[in-house]
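Engineer: Structure below; questions to follow.
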Amino acid sequence: MDINEAIYNRRAVREFNSQSVDEEELKQLIDAAIQAPSAVNQQPWLFTIVRDKALLARISREAKAHMLRTSAAALASHHFQSILENPDFDIFYHAPALVVISAPEGPWVTEDCALAAENLMLAACAVGLGTCWIGFAQGWLGTSEGKSSLKLSGTTVPVAPIIVGHPKTAVAPVPRKVAKIDWIS
């Protein structure tokens, strides 16, 4: 698959079959991720891979509770509040793997990790894997308890929690809005 096919076909996948993602596949995705540009070429990334189902379930429970306690968006949205209160809702959609991209605190940590995340997601699409950035996990993973669950130091910032798995079905394209462009000559 060429890069344009990956860009135009990558979708957020939230339904996975039971097949695991093997270590070699995950290493290939991370190799693609580290090809991303980074500020001052620091390449600060740390990739934490979680495949332990009990730990994934614990993170899901803790992250949902954290969102309900701290997020105005979760409380303002009846939809978010009802799914976060549902004990059966798994924020990781029962994906077999979670890759958390982190970096030491710094001025461009979010940008560096986001660039690596996009490379990882495009590479996953190119080999038939599905991914989704799980925003529900971000707040709790940034707490001292969340960092501890991933064995991250206190100065490490978890930026991009991305689930990876084999899609149960193909995800249909979503209509895109026309780009807003201001040409300044």
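The values are calculated or read from the model by the stated rules, or taken from the named source; none is laboratory data. Predicted model, so just to flag it, every value in this text is computed and none were measured. Here the Cβ is made from the backbone with ideal geometry for all residues, glycine too, and neighbour counts use every protein chain on show.
Engineer: Residue check: is residue 172 over 15 Å from the mean Cα position of the chain (by Cα) and closer than 30 Å to residue 9 by Cβ? Break it down into steps so the answer makes sense when it comes.
Structural biologist: Details: over 15 Å from the mean Cα position of the chain (by Cα): yes; closer than 30 Å to residue 9 by Cβ: yes.
In short, yes.
Engineer: Which one is surrounded by the fewest Cβ atoms within 10 Å (Cβ to Cβ), of the residues in region 54-96 that are closer than 22 Å to residue 168 by Cβ and touching an Asp or Glu at 6+ places or on another chain (Cβ under 9 Å)?
Structural biologist: So the residue we want is 57.
Engineer: Quick one: is residue 103 more than 19 Å from residue 156 (Cα to Cα), at pLDDT 95 or above and aliphatic (A, V, I, L, M)?
Structural biologist: Values: more than 19 Å from residue 156 (Cα to Cα): no; at pLDDT 95 or above: yes; aliphatic (A, V, I, L, M): yes.
For residue 103, the condition - more than 19 Å from residue 156 (Cα to Cα), at pLDDT 95 or above and aliphatic (A, V, I, L, M) - is not met.
Engineer: Looking only at region 70-88, decide whether some residue is within 18 Å of residue 33 (Cβ to Cβ), in contact with a helix residue (DSSP H, G or I) (Cβ under 9 Å, 6 or more places away or on another chain) and touching a residue at least 40 places away in the same chain (Cβ under 8 Å).
Structural biologist: Kept after step one, since they are within 18 Å of residue 33 (Cβ to Cβ), are these residues of region 70-88: none.
So far as region 70-88 goes, no, none of its residues is within 18 Å of residue 33 (Cβ to Cβ), in contact with a helix residue (DSSP H, G or I) (Cβ under 9 Å, 6 or more places away or on another chain) and touching a residue at least 40 places away in the same chain (Cβ under 8 Å).
Engineer: Scan region 23-33 for residues that are exposed (fewer than 14 other Cβ atoms within 10 Å of the Cβ) and within 18 Å of the chain's Cα centre (by Cα) and jot them down.
Structural biologist: Those that are exposed (fewer than 14 other Cβ atoms within 10 Å of the Cβ) and within 18 Å of the chain's Cα centre (by Cα): 23, 27, 31.
Engineer: Quick one: is residue 136 in contact (Cβ under 8 Å) with a residue 40 or more places away in the chain, crowded, with 16+ Cβ neighbours inside 10 Å, aromatic (Phe, Trp, Tyr) and not in a loop (DSSP other than H, G, I, E, B)? Steps first, please.
Structural biologist: Details: in contact (Cβ under 8 Å) with a residue 40 or more places away in the chain: yes; crowded, with 16+ Cβ neighbours inside 10 Å: yes; aromatic (Phe, Trp, Tyr): yes; not in a loop (DSSP other than H, G, I, E, B): yes.
Yes; evaluated as a whole, the condition is true for this residue.
Engineer: Tell me, please, whether a residue that is under 14 Å from residue 30 (Cβ atoms), β-branched (Val, Ile, Thr), touching a strand residue (DSSP E or B) at 6+ places or on another chain (Cβ under 6 Å) and at pLDDT 95 or above can be found in region 82-100.
Structural biologist: Step one: of region 82-100, the residues under 14 Å from residue 30 (Cβ atoms) are 97-100.
Then drop every residue that is not β-branched (Val, Ile, Thr), which leaves 99-100.
Those left that are additionally touching a strand residue (DSSP E or B) at 6+ places or on another chain (Cβ under 6 Å): 99-100.
Within this subset, residues satisfying the condition of being at pLDDT 95 or above are 99-100.
Scanning region 82-100, I find at least one residue that is under 14 Å from residue 30 (Cβ atoms), β-branched (Val, Ile, Thr), touching a strand residue (DSSP E or B) at 6+ places or on another chain (Cβ under 6 Å) and at pLDDT 95 or above, so the answer is yes.
Engineer: Scan 160, 114 and give me the residue that is closer than 25 Å to residue 39 by Cα, out of contact with any strand residue (DSSP E or B) (no Cβ under 6 Å at 6 or more places or on another chain) and surrounded by 11 or more Cβ atoms within 10 Å (Cβ to Cβ).
Structural biologist: Being closer than 25 Å to residue 39 by Cα, out of contact with any strand residue (DSSP E or B) (no Cβ under 6 Å at 6 or more places or on another chain) and surrounded by 11 or more Cβ atoms within 10 Å (Cβ to Cβ) holds for just one of 160, 114, which is 114.
Engineer: Of all the residues that make up region 35-53, how many are out of contact with any Ser or Thr (no Cβ under 8 Å at 6 or more places or on another chain), surrounded by 14 or more Cβ atoms within 10 Å (Cβ to Cβ) and part of a loop (DSSP other than H, G, I, E, B)?
Structural biologist: So the count comes out to 3.
Engineer: If you take the residues in region 97-111 that are of a type in the set (Val, Ile, Thr) and surrounded by 14 or more Cβ atoms within 10 Å (Cβ to Cβ), which one is nearest to residue 41 (Cα to Cα)? Quick ask: steps written out before the conclusion?
Structural biologist: The initial filter retains those residues of region 97-111 that are of a type in the set (Val, Ile, Thr), namely 99-101, 109-110.
Next, only the ones that are surrounded by 14 or more Cβ atoms within 10 Å (Cβ to Cβ) stay: 99-101, 109.
Numbers: 99: 22, 100: 20, 101: 17, 109: 12 Å.
It comes out as 109.
Engineer: Looking at (1) touching a residue at least 12 places away in the same chain (Cβ under 8 Å); (2) within 20 Å of residue 132 (Cβ to Cβ), which one does residue 176 not meet, given that it meets all the others?
Structural biologist: The failed condition is (1).
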